[in-house]
Amino acid sequence: MQPGAHIGIDGVIGGGYPEPRGIRAIPEQVGSLAVSWRSEARAVPEGWSRVDTDQPLGAIAVYLCEPESDDGAVENGLVAAPAAGQEYPIWRVV
């Protein structure tokens with residue numbers, strides 16, 4: 001798919017984290033990340049990548065890309081957790 005072509009996506013907007021209870025070494029752990037989902041059409045950005053889930057490790061790719069996953073891209077420091085109102089940089093193509 002060429003950059004600029006439109007695709008349907010499920011995107012995520014960060015809702016932030018609730019106030020921490022107790023002391024944690026890493027205050028922004030994903031288990032309590034609040035997000036909201038929205039569906040829309042988006043233009044494919046320059047330099048984008050697509051990960052197909054119809055493959056032997058497809059389930060792992062899905063788990064890694066979910067913003068609320070307790071062992072996903074945010075938790076492992078691959079992408080920053082979305083702040084309240086900020087968009088998560090990984091889309092689900094629908």
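The values are calculated or read from the model by the stated rules, or taken from the named source; none is laboratory data. Bear in mind the structure is a predicted one, so any value in this text is a computation, not a measurement. Methodologically, a virtual Cβ is constructed for each residue, glycine included, from the backbone with ideal geometry; neighbour enumeration extends over all protein chains shown.
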Looking across segment 64-94 at residues that are of a type in the set (V, I, T) and touching a residue at least 24 places away in the same chain (Cβ under 8 Å), the single one that is surrounded by the most Cβ atoms within 10 Å (Cβ to Cβ) is V74
- Message: Against the definition (of a type in the set (S, T, Y), at negative phi and not in a loop (DSSP other than H, G, I, E, B)), how does S36 come out, yes or no?
- Response: yes
Item to complete: Could you please let me know if I23 is out of contact with any strand residue (DSSP E or B) (no Cβ under 8 Å at 6 or more places or on another chain) and modelled with pLDDT under 85?
Response: yes
Filtering segment 42-75 for residues that are at pLDDT 85 or above, farther than 13 Å from V12 by Cβ and not aromatic (F, W, Y) leaves a count of 20
